[in-house]
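Inspection log for the structure reproduced underneath, given as structure tokens.
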Amino acid sequence: MIEWPFEFQRVQDALDKRTMTGQEAAREIFVARRKHGPPWHWKNWKRTRVQFLGSECATCGADHEAVLVLQHTVRIPRVQPYLDKAKAEYESREPAHDYRAELREECYAIRDAVVPEIRDCCPLCFSLSIQFRKKAATWICNSPVGRGYCGHVFEVPGKKEALTAAQKRGIRARKYMAWREKATNWDGDWKRGAILAWLADFREYLSLKHTKTLCKRCAFLEDMTDLKPCLECGFAFSRTETACPDCGREVAEAQADSAEGETNGGPTQNDDAGNR
């Protein structure tokens, strides 16, 4: 199996442990695919393909004298069809429990549990945006009022109850953790199941189980046309034909079954790095 980049494994582990939402996972996968490109451009692809590359073409029997490539019999899975399928299934079910009302109440409780401290303020407008001027030994209020500023100068600041910057950061952090706890365990996160399904199929694709060795010509015929080569004269004709129109040789039963199986299984894909 071809070892995939650590970003894919990190996303799978986070989804399994429910520490990442489906939306975050989809974003991480998009960035990782843009960064690393298709698998046949990876360095370890070239090292691994040697172990699966045969010595002759599985279709026409061409040996090492021909240019042999590794051909996938299945297409590389795309993410969007998995998302579309998961979304359709989610919309067809009963609506998932909406946790937003509970989260709102929990956030209010987190905010109300913090006791404000007594802080210095402007005695005129009670703003906390005040500054001490060392040379004049006075305070000035920098709170915006209308199109200007309060600008009130005073020697002794007033007092009021207000949250400090550290308390506000703590409240935001606890609110964020409360949101993550509910969002990552929400039954309606249909993107989570879609990304997990895609990762499973992508790992199966990287296992190189669904591959075969073809010559460059046969790989082109499978990828770009709906033709197959005659094993006698090399003439390319339709897969539905039972005999070669050029030399008249009948298609072998094994070759016909193989062509039928590839047609029913969907289009193939030449993933050899040397031909991309």
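What full-extension length gain, to one decimal in nm, is calculated for CYS125 and ARG203 as 0.36 nm per residue of separation minus the Cα-Cα distance?
That works out to 21.8 nm of additional length.
Which value, in Å to one decimal place, does the Kirkwood hydrodynamic radius take for the stretch 112-190 when every pair of different Cα atoms is included?
With all distinct Cα pairs of the stretch 112-190 included, I get 15.4 Å.
Extending each Cα 7 Å along its Cβ direction at LYS175 and ARG10, get the distance between those two points in nm, one decimal.
2.7
With every protein chain left in place, what is the accessible area per residue of the stretch 1-159 in square angstrom, probe 1.4 Å?
Normalised by residue count, the accessible surface of the stretch 1-159 is 68 Å².
Quick query: amide H of ALA58 versus all other amide H atoms, modeled in the peptide plane; which residues come in under 5 Å with a sequence gap of 5 or more or a different chain?
Residues meeting the criterion, in which the H sits 1.01 Å from N, are THR213, LEU214, CYS215.
Using 21 Å as the Cα-Cα cut-off, could you pick out the over-long pairs in LYS17/LYS182; LYS46/LYS216; LYS17/LYS46; LYS17/LYS209?
LYS17/LYS46; LYS17/LYS209
Filter the GluC sites (Glu not before Pro) in the stretch 26-74 down to the DSSP loop ones having no more than 16 other Cβ atoms within 10 Å, then list what survives.
In loop regions of the stretch 26-74 (DSSP not H, G, I, E or B), the sparsely surrounded GluC sites (Glu not before Pro) are GLU56, GLU65.
The values are calculated or read from the model by the stated rules, or taken from the named source; none is laboratory data. These numbers come from a predicted model, not from an experiment. Neighbour counts run over all protein chains shown; Cβ positions are idealised from the backbone, glycine included. Only protein heavy atoms, including side chains, enter the accessible area calculation; ligands, DNA and RNA are left aside. Shrake-Rupley method; radii C 1.70, N 1.55, O 1.52, S 1.80 Å.
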